[in-house]
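For reference, the structure discussed in these notes is given below.
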């Protein structure tokens, strides 16, 4: 992320979502349509993330959670996984100082034990460096699957010796990887698919969904603004009928 590289949105005449989650889908298809290797799509997608983070801050969003690499993605060809991990190393090194300078707190959720040792060390350093930042919160779901997260949460509860009769929704929520985060208000998925793909299944119980056919590398500030405007026109009922 380059310092002061912002594309300010027009003043937003409504309360923005506090927490936006994004399934960044379409990198591979974007590259294939241009006759490029899939890695080119992932690199362009990283640029899109940078501009989206800036757009979030300009709009007044306080939390952004992105689905960067799912637990199922480990089944991809080994050369693609290697390229993705190398790209992660590159951006952790390149972007961290700028994120810290802009007071962004960086978190990672998922089964990080599957990552290479040097990547885990870089992640630990990044989270420690930014732990006291409060201007914005960026959470990266990496080697993440929501079902697996729920299993990990149950194991944590069992290991603490909590009696079955004492387990509540709050008990489970506090044991999830996202315990420190508010539930997402808006979840955006690019690329035309309309499913969660094992992302934030528990947390998104009352989240508003926004699906777009735009591939992630082409998802720009204008498209993000359209998603916020769509969200602003919805009536959130949290399971009630909304009837008088």
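Each reported figure results from applying straightforward, stated rules to the coordinates on display, with no laboratory input. None of these values were measured; they are calculated from a predicted model. Don't worry about glycine lacking a Cβ; one is built from the backbone with ideal geometry, like all the others, and counts go over all protein chains shown.
Overview of values
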| item | result |
| --- | --- |
| The chain: Cα Rg divided by the 2.2 N^0.38 Å rule of thumb | 1.02 |
| For the range 20-76, convex hull of alpha carbons as volume per residue, Å³ | 79 |
| P(r) tail fraction, the range 159-221 - alpha-carbon pairs more than 16 Å apart, % | 58 |
| Kirkwood Rh and Cα Rg combined as Rg/Rh, the range 91-156 | 1.01 |
| Between the range 44-67 and the range 130-195, the alpha-carbon center distance in angstrom | 20 |
| Rough spin-label spacing in nm, given labels placed 7 Å along Cα→Cβ, for residue 229 and residue 128 | 4.6 |
| Cβ-derived FRET efficiency at R0 25 Å, residue 167 paired with residue 206, nearest 0.05 | 0.75 |
| Difference of contour (0.36 nm per residue) and Cα-Cα distance, residue 114 to residue 82 | 10.2 nm |
| Candidates 207, 139, 171, ranked by Gaussian network fluctuation over the chain, Cα under 10 Å, top entry | 171 |
| Helical contribution to [θ] at 222 nm, DSSP H n ≥ 4, -39,500 (n - 2.57), averaged over the chain, rounded to 500 | -13500 deg cm²/dmol |
| GNM result for the chain, Cα springs below 10 Å: residue of 118, 83, 47 fluctuating most strongly | 118 |
| The chain - percent relative contact order, Cα under 8 Å, separation 6 or more | 27 |
| Whole-angstrom Cα spans of the range 85-197 along principal axes, big to small | 48, 36, 30 |
| P(r), alpha carbons of the range 21-161 - 5 Å bins starting at zero, rounded % | 2, 9, 17, 22, 20, 16, 9, 4, 1, 0, 0, 0 |
